[in-house]
1. Here is a check on your reading of the model: is B:Ala153 away from chain A (no Cβ under 14 Å), touching a helix residue (DSSP H, G or I) at 6+ places or on another chain (Cβ under 7 Å) and of a type in the set (A, V, I, L, M)?
2. I'd like to verify a number: residues in the stretch B:241-260 that are closer than 21 Å to B:Arg219 by Cα and either of a type in the set (A, V, I, L, M, F, W, C) or modelled with pLDDT of 90 or more (or both), how many?
3. Within the stretch A:140-147, is even one residue aromatic (Phe, Trp, Tyr) and under 30 Å from A:Asp204 (Cβ atoms)?
4. Considering (1) under 30 Å from B:Tyr105 (Cα atoms); (2) outside the structural domain of B:Leu25 (by TED's automatic domain parsing), say which one B:Ala234 fails and leave the rest.
5. What are the pairs with Cβ atoms under 7 angstrom where one residue, in the stretch A:140-168, is touching a residue at least 40 places away in the same chain (Cβ under 8 Å) and the other, located anywhere, is among the polar types (S, T, N, Q) and not in a strand (DSSP E or B)? Sequence gap at least six, or different chains.
6. Looking at (1) away from chain B (no Cβ under 14 Å); (2) of a type outside the set (D, E, K, R); (3) surrounded by 15 or more Cβ atoms within 10 Å (Cβ to Cβ), find the lone condition where A:Thr161 falls short.
7. Filter the stretch B:49-65 down to residues that are touching an Asp or Glu at 6+ places or on another chain (Cβ under 7 Å) and more than 12 Å from chain A (Cβ to nearest Cβ) and give me whichever is farthest from A:Gly214 (Cα to Cα).
8. Name, by its number, the condition in (1) buried (at least 18 other Cβ atoms within 10 Å of the Cβ); (2) acidic (Asp, Glu); (3) within 14 Å of another protein chain (Cβ to nearest Cβ) that does not hold for B:Asp140.
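The values are calculated or read from the model by the stated rules, or taken from the named source; none is laboratory data. All values reported here derive from a predicted model rather than from experimental measurement. Counting neighbours? That spans all protein chains shown, and the Cβs are built from the backbone with ideal geometry, glycine included.
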Amino acid sequence: MSLFPVVGRKQPRLRVAWWVIVALLCLGIFMHLIPFFIMISTSFKPASEAMAMPPTLFPREPTLAGWELAFNMTASARSLISQPLSQYFINSVIMTVGTLLLSIPITSMSAYACSKLLKGRSARYWFFFFIGTLMLPGIVTLIPSYLLTRNFPFPLPVAPTIPGTETPFPTIRIWNTFWAVILPAGFSAGNFLLFKGFFDSIPDSIINAARVDGGSEFNIFRRIVLPMSVPVFAVTIYFQFSGTWESYLWPLVVIQDSSIAPLTLAVRRLVDAFTYAGTTNAQTALGQSANVSNLVNQGLSWNGLMVLGLLQAIPVFLFFIVVREYLLKGVRIQGLK
Amino acid sequence: MSSVQLENVVKYYDSALLPGAAPALDHITLEIRDGETVSVVGPSGCGKSTLLKTIAGLERPDAGRIFYNQTEVTQIPTQERGIGMIFQDYALYPNREGQGNLSYYFEVRKKTEEEKQQRLKETAEMMGIGFDLLLSRQVDTLSGGERQRVGIARCIVRDPNVFLMDEPISNLDAKLRERTRVEMRRLLSKFGITTLYVTHDQQEAIFMGDRIIVMRAGRVEQFDSFDALYYTPANLFVASLIGTPPISVLPAERDGLTLRLHSGDSWTLPEALAHTLPPGRLRLAVRPEGWLVALQPGDGLALNVTHIERLYTERAAFAHGQLGGAAINALVPLDFPDTRQVFLQPDWERSYVFHADNESALHVPGVPDLF
């Protein structure tokens, strides 16, 4: 809006610049949309065409075979992934909702406390403590985190023994449960920053007025601050939602049992099966894996995987549409991303 | 309703923990009587807002005790003190409409709907005509004056013990400020609620307060009625803060009956006054109306008039100039002729003398006995 002055827009130089920027933006949009287009287009192709070289831009014989197969996984697909797809979908929902229910209250309240309840030096120290978790890349803490899920609260492969005895300390094993995904996501430093930035912008006098009115600190947070903070909650819930829904590495590390694996793992397992089978063309695939060849015979190949990918992306997309207005407001407030 | 007492209250802010840092409130002891309106005035950063917050319980004092009606409340949280507070930025809850702002108090106290409606009705009546209309509107559609009315209503709807106002009208434009001021004074005298009114504007302080607290650097310099502050200031700071145009301060030196200014000019002191003053350096302070202005040289010293400011609405004029390095403004009649030079002598009965170093009062005129 403010990129260009309102007055003098008709000047030739500004006009050229205007169209150059429009063109660049269109190019950006195009580049972002191309993969989606390929996904959608491929999902409507028959199995053989999906693996054709060179690939076709539009399906020559559009078919819903891929979609049907993805929804009705046959016995041969079952040998690749042990549960019905709906089970993985439900697992993903459980993890995402659980993470949201735990993380958003914890993160928002800690940010509120840091912004409005603590004063002076202690507020600063706590802020750095919370923000410090951003300084280490997640990959560095992957192994300690994994060990923690094995022998909570010790980040060790084997729990230490109680000094002077042979008995090990009692530990909790959350590895290979939903908790292994949900608990570590209970606090999000990125969302903490967003919350803190927003709460800092709320004048202290409003909080003080509510205190004078007799509201307890929690009641003030719930009845006064929360309704004022809908945009920032929308932004953080969206980030948390998409982050958990799309997470792959951490569930891969801590979830072994396929009955509780999320959708990302299932899709990946199928993709792997096809990739190992060398699905660059149908012939090789047929030769190398009986299971995969069965699937291909039923018309499932990359077209089905694209369907899975789309199914995987749809919830995030729908969620984005729901919170879009607040997201944009949040972007305006925070200047984020 | 209740009285408010402070006993040796000390407050340090976290940022002032460095050695030698001054406290925000430095051993404040005072008593506000039941039903009284007290203004707090002082330069910015003098601790007047901190004083208000400490009385409200929003800041805990580091030492000292606070009483409402002889009951100690120092450790009682704000929520349970039963006070009403008005803020400079109104501090209305932006996501609630006017009525929602008033009803938060009833929500958190689990009051019945009937009681709430009853109080809302009474409040609307007290606030006067057109107030009902504000209640149904969203806060961001209200103008500054309307917001402050809702803010005031939010306080009186609960029937507070103590009313605390932190520069409530300084964000309004001049005309509205005057009107709101009169309105608030009317409401306050109607309720008879003990009120503490913080402001940086002395006019407002004089208008609103039965008594005035003058603060500087976390200390109460003087706490008295306006007349007492004006005629018997405790020190030079109070004298120069109260009064418009400000008091003129002339550094001087007394030698016998002679009072010599830095410029070398001198006046002769009356004997009675001279005996009460120590010899040596002093500060003479004279208010605009405390000058004897003459067009002919007599006992007076010549003042080169830079300009004469005629305030037709006030039916007065002030002659401005420099004397002995100090800015002078002397009250003259409105029809005073335009002239480049007048001759000035302090009306010794109405002049103030302060200690040169600690600025404490050595001689003040005293409150005139008008009746």
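1. When the stated conditions are applied, B:Ala153 does not pass them.
2. Residues of the stretch B:241-260 closer than 21 Å to B:Arg219 by Cα: B:241-243.
Checking the rest, the ones that are also either of a type in the set (A, V, I, L, M, F, W, C) or modelled with pLDDT of 90 or more (or both) come to B:241-242.
Counting residues in the stretch B:241-260 that are closer than 21 Å to B:Arg219 by Cα and either of a type in the set (A, V, I, L, M, F, W, C) or modelled with pLDDT of 90 or more (or both) gives 2.
3. Step one: of the stretch A:140-147, the residues aromatic (Phe, Trp, Tyr) are A:146.
Remaining after also requiring under 30 Å from A:Asp204 (Cβ atoms): none.
So far as the stretch A:140-147 goes, no, none of its residues is aromatic (Phe, Trp, Tyr) and under 30 Å from A:Asp204 (Cβ atoms).
4. All conditions pass for B:Ala234, except number (1).
5. So the pair list comes out empty.
6. Only one criterion is unmet by A:Thr161, namely (3).
7. Initial filter on the stretch B:49-65 (touching an Asp or Glu at 6+ places or on another chain (Cβ under 7 Å)): B:49-50, B:52-53, B:64-65.
Still in the list and also more than 12 Å from chain A (Cβ to nearest Cβ): B:50, B:64-65.
Working: B:Thr50: 20, B:Gly64: 24, B:Arg65: 22 Å.
Checked the stretch B:49-65; the qualifying residue farthest from A:Gly214 (Cα to Cα) is B:Gly64.
8. Looking at each condition in turn, B:Asp140 falls short on (1).
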